1. Would you please put 62-68, 105-111 in order of how densely packed they are, using the mean number of other Cβ atoms within 10 angstrom per residue and starting with the highest?
2. With label points built 7 Å along Cα→Cβ from the Cα atoms of residue 47 and residue 145, find their separation and express it in nm.
3. Could you work out how much longer the chain between residue 38 and residue 17 gets when fully extended? Use 0.36 nm per residue separation minus the Cα distance between them, nm to one decimal.
C-alpha cells in the first residue's frame, strides 16, 4: 500500500502569482446585484503550478432600512499542475443582518461548500477540512462599530 505525503505549499515556495479579475455591481434600489470572475495562477519553486477560476454572484435585498438579507453563489475550478486532477467547489451563502442602531447590528450567516474531484476537500474559510465532500459553517453575532 503506497502512502502519499501531503505538504502545504508555503507562500515562500511561490515563484510567481498572476491574478486577473473583473466584476460589476448594479443597484436597483432595494436590490443590489453583483458578480465577479477571477483567474488566479501560481507558479512554485518546484516547477508545479496551481490554476484557479472563480465566478460568483451576490444579491442583497433591503427588506427595510434596518433589515438586509443576501444570498451568494461561488463556483471554483482548480487544477494543480503536479497532479493530473481537476477539482471543483460549489459554495452558497445566505445571510441576514439587522441593524439595532447606526453602529450596532446582529447577523446570521450560513455557508455551504461542496467539493468535487478526487483530491478536492470541502473547507470553509480557514477551518479544518471536512472528512466528507461537504461542509457547513454558521456564524451568528452582534457587532458594534466604534
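Readers should treat all values here as calculations from the given coordinates under stated rules, not as data from a laboratory. Keep in mind that what you see is a predicted model, and the values were worked out from it rather than measured. Note that each Cβ is placed from the backbone with ideal geometry, even for glycine, and that neighbours are counted across all protein chains shown.
1. Working: 62-68: 12.1, 105-111: 15.4.
Final packing ranking: 105-111, 62-68.
2. About 5.1 nm, to one decimal.
3. Values: separation 21, 0.36 × 21 = 7.56 nm, distance 1.29 nm.
Here the answer is 6.3 nm.
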